[in-house]
Amino acid sequence: MTSPAEPTPTTPPDGLPLPRRLWAIAALGFGTALVIIDGSVPNVALPTIARDLHVNSSAAVAVVTVYQLMLVMLLLPLAGLGDRIGLKRLYQWGQLLFTIATMLCFFANSLPFLLVVRAVQAMGAAAALSVSSALIRSTYPSRQLGRGLGINSVIVSSSAALAPSLGGLVLAVAPWPWVFASAVPFGIASLILGRALPDPPRGTAPFDVIGGIMCAAMFGLVIGGMESGVHGDSPVVSAAIVLTGIAIGIAFVRRERHEPKPILPIDLLARPIIALSAIGAFTAFTASMTLIVSTPFRLQHHYHFTPAMVGAVIAPWPLTNMIVAPLAGWLSDRVPAGLLGGIGMLVSITALVLIATLPADATSLDIAWRMALCGSGFGIFLPPNARLIIGSVARERAAAAGGLVATMRLTGQTMGATVVAALLAMGIGDGRVPPMVSAGLALIAGLCSIARLRPSIRDPGKTEMQDEVPVLKATR
């Protein structure tokens, strides 16, 4: 007789066995570090790139924006493709494509060529990021999923914190193409260890090519149009681009309603608990990016901090996240995500109000501890929120759920940067307004999180893992 703890022919194994699980965790960790570091490290090299390629600074910023825009456009379509061709295969192909494109940066002697290479990098990054959360779910046992997502959050935070310092160090001793190459060892390590990754069963439904194109066009036109509206000179053209994207989006959503496994996971978003989690993730990431992007302007314009001082007082945010995120992930295996999210946003709102009301003679220490407190609040909110989305869907929809999580993160971050640009254009982006806007967004995220505690919203009977009642499980 088969033990309940053993997989049956119709039940997939609950995580990878040891020691293969550890090798898979390492492969995913190196892969995440590659994508995050090489996505962020060019920021410090933009002035050097502009000088060497003989372009103005505003044109050089496209090295960053084209990467972000391509990521947002491709995450959901590639998540659907991964479900069809295999999550492991798509992840490794993405890592390989990213690594090859990074090496091509050495041959970039013009901005257009560099932008093409960055677009190819983003394609590889999107392939890896779109399925990484689903691979994490298949790597860890269900009872440790929150811990796994917490560890992944630590890797994301630490890689983002490492990128500026690593880029500055490389520029001090080598030309700017080496800045891109600095993360290549992570890609090679991930590819070598990738054999240990789980390989969940592939879907049988054909990939919806037309739906994927419509999804990419929707995000690309709406976000690209908003970006051009802030930075461009023709509001009418920008508005037309956004409206075209919205029109495509409406047609796309109507089309997706008839698909068994839609590219845009409207079947998942129809469940209130996932819809609230997605809204909460979007507003939380928008809030955090609004603060992070606006703070350097405020500190330099009003407090006369040097760039080095600005970096030092912002650093406690990711450093605190490295400690809080795994703890929040561990707790999310035991405590309802709605409660953790509400507490996290309460902490962040308190910190954001304190940041907004900084005294005129604030010291570095005054700012640093507020940033640490704010970062800890977001660290408490985000891993449990991601765990709920990914852990509460059937395994065959894990890739779609993971793509949704990644899309909400990148869309929120892009929107946060756009909000700051708009506020700066209005002359109020370097003062108290951005942190108060962030506080308002954090309030929305917190309310969405608390709303998930209602029994009518939880609906645990239809979720595979019954994420919101782990305490009851632990006491059985």
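Give, as ranges by residue number, the residues of region 346-390 whose backbone N falls under 16 Å from the point 7 Å along Cα→Cβ of His304.
360-364
Contour minus end-to-end for Ala362 and Ile250, with contour as 0.36 nm per residue of separation and end-to-end as the Cα-Cα distance?
35.5 nm
In the chain, which whole DSSP H runs stretch at least 18 Å along their own axis (Cα) and average 1.6 or higher on the Kyte-Doolittle scale? Write down the numbers at each step before the final one.
Values: long enough: 20-40 (30 Å, 1.10); 62-85 (33 Å, 1.64); 87-104 (26 Å, 0.59); 111-139 (40 Å, 1.35); 145-173 (41 Å, 1.39); 209-231 (32 Å, 1.50); 235-256 (31 Å, 1.46); 272-302 (43 Å, 0.96); 316-332 (23 Å, 0.80); 337-356 (28 Å, 2.25); 364-391 (40 Å, 0.90); 398-425 (40 Å, 1.26); 433-451 (27 Å, 1.83).
Counting only whole DSSP H runs, the qualifying helices are 62-85, 337-356, 433-451.
Checking a compactness column here: for region 105-252, what do you get for Rg(Cα) / (2.2 N^0.38 Å), N being the number of residues? Before the final figure, lay out the partial values.
On the way: Rg = 19.8 Å, N = 148, 2.2 N^0.38 = 14.7 Å.
Against the empirical 2.2 N^0.38 Å value, I get 1.35 for region 105-252.
Which FRET efficiency value, to the nearest 0.05, do you get for Val236 and Ala26 by plugging their Cβ-Cβ distance into 1/(1 + (r/R0)^6) with R0 = 45 Å? Kindly include the intermediate steps, with their values, before the conclusion.
Details: r = 52 Å, r/R0 = 1.15.
FRET efficiency, Val236 to Ala26: 0.30.
On alpha carbon coordinates alone, what is the Rg over Rh value for the chain, Rh being the Kirkwood radius?
Values: Rg = 21.6 Å, Rh = 22.7 Å.
Rg/Rh: 0.95.
Using the Kirkwood formula over every pair of different C-alpha atoms, what hydrodynamic radius in Å results for region 256-326? Can you show the working numbers first?
On the way: mean 1/r = 0.0653 Å⁻¹.
Averaging 1/r across every pair of different Cα atoms and inverting gives 15.3 Å.
Placing one identical point scatterer on every Cα of region 265-476 and ignoring solvent, what is log10 I(q)/I(0) from the Debye formula at q = 0.09, 0.10, 0.16 Å⁻¹?
Debye curve over Cα of region 265-476, log10 I(q)/I(0) at q = 0.09, 0.10, 0.16 Å⁻¹: -0.36, -0.44, -0.98.
Looking at Gly15, Met103, Leu46, which one has the Cα that reaches farthest to the positive end of the dipole of the chain (charges on Cβ: Lys, Arg +1; Asp, Glu -1)?
After comparing all options, I get Gly15.
How high is the FRET efficiency from Leu18 to Ile188, r the C-beta distance, R0 25 Å, rounded to 0.05?
On the way: r = 25 Å, r/R0 = 0.98.
Efficiency, from the Cβ-Cβ distance: 0.55.
With label points built 7 Å along Cα→Cβ from the Cα atoms of Asp199 and Thr350, find their separation and express it in nm.
5.0
Kindly rank 271-282, 210-221 from highest to lowest mean number of other beta carbons found within 10 Å of each residue. Show your work: numbers first, answer last.
Working: 271-282: 22.3, 210-221: 19.8.
Highest to lowest by the protection proxy: 271-282, 210-221.
Kindly put Phe378, Phe207 in sequence by how many other C-beta atoms sit within 10 Å of each C-beta, fewest to most.
Details: Phe378 29, Phe207 16.
Starting with the residue having the fewest Cβ neighbours, the order is Phe207, Phe378.
Every read-out reported here was derived from the displayed coordinates using simple, explicitly stated rules and does not represent laboratory data. These numbers come from a predicted model, not from an experiment. Here the Cβ is made from the backbone with ideal geometry for all residues, glycine too, and neighbour counts use every protein chain on show.
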